[in-house]
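Asks: Please find one structure pasted underneath; my questions will follow.
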Amino acid sequence: MKQNYDESHLTSFIKGLTSLTGLSERKVRQYASENNPFNVLEHPGIIDPNKQQLDKINILNEFISSYRLLKLYEKDNKITLNSAATAGEYFVSILGGIKDKEKFMVAFLDSGNNVIEAKVLSEGTIGEAVVYPRVVLKAALDCDCKSMIIAHNHPGGSMVPSLQDKQLTQNLVSIFTPLQINVLDHIIVANNSYLSMAEKGMIPKAIESICYDPIQSGNISVANEDEKDFHASLNDSTLNIDLIEQDLEEECEWER
């Protein structure tokens, strides 16, 4: 099917892409005449690149991702995620172009909702990823965060949270609320769009009973965690469930 792109911009894109990667301009132009030209970057296998060309494509993708992130730092050299819109924009810039696998990541925030660190904590296949709550817990404690926003992409393009997405959110909220660490949002990225579970009122309240059983799905899987290991990783600290109400009030302030 013929794609509707401005011819001059498409020509510039193809010339730049082929100059930087060594791909055949004729081959790329032929593919782009009937298909989305961005697929060459997002699914490079379709153009059958050699190893050197594939390495250059990967470097170019990393450059594009870094550029988009650095643009967010321009104003005052820090990223502040103080709304669903800014959080969605942030994660789209990182995950929006990934079409061949699911990635689960977390942005750990300070008391001013500034990003202390954002990390990819799991990579999977095109249909699922495996999330270990213990890994998320360790990363959160290492950076001494006050809150976090979790996110993952749906390569298939759906922005509808699956049952497993909701269960993952419930588990993490229940783990972190007693530690006075708020899970502010769960962003689902699909192409260049996103859904904010907080904006849709889908962030649950903490529960005392935490499920550690594995959840298999076509979107995201929560790996089985041994309850004894989980409590050991807390160094036997006492969890005060009375802090739940206080933390939920603070979360409401973020949403407002």
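Asks: If Lys and Arg each add +1 and Asp and Glu each add -1, what is the summed charge of the other residues whose beta carbon sits under 9 Å from the beta carbon of Gly88?
Replies: Residues close to Gly88 contribute a combined charge of -3.
Asks: Among Leu10, Leu81, Leu195, rank each residue by its count of other Cβ atoms within 10 Å, from fewest to most, as a rough exposure measure.
Replies: Leu10, Leu195, Leu81
Asks: Please say if region 102-172 is rounded, prolate or oblate, where rounded means a/c under 1.5 for a ≥ b ≥ c the square roots of the C-alpha gyration tensor eigenvalues, and otherwise the choice is prolate for a/b larger than b/c and oblate otherwise?
Replies: Taking the square roots of the gyration eigenvalues as a ≥ b ≥ c, region 102-172 is prolate.
Asks: List the lysines whose alpha-carbon lies under 23 Å from that of Lys200, not counting same-chain residues fewer than 8 positions away?
Replies: Leaving aside lysines fewer than 8 places away in the same chain, those within reach of Lys200 are Lys103, Lys146, Lys166.
Every number in this text was worked out from the coordinates using simple rules, so none of it is lab data. Remember, predicted model here, so these are calculated numbers, not experimental data. Cβ sites come from the backbone with ideal geometry, for glycine too, and all protein chains shown count toward neighbours.
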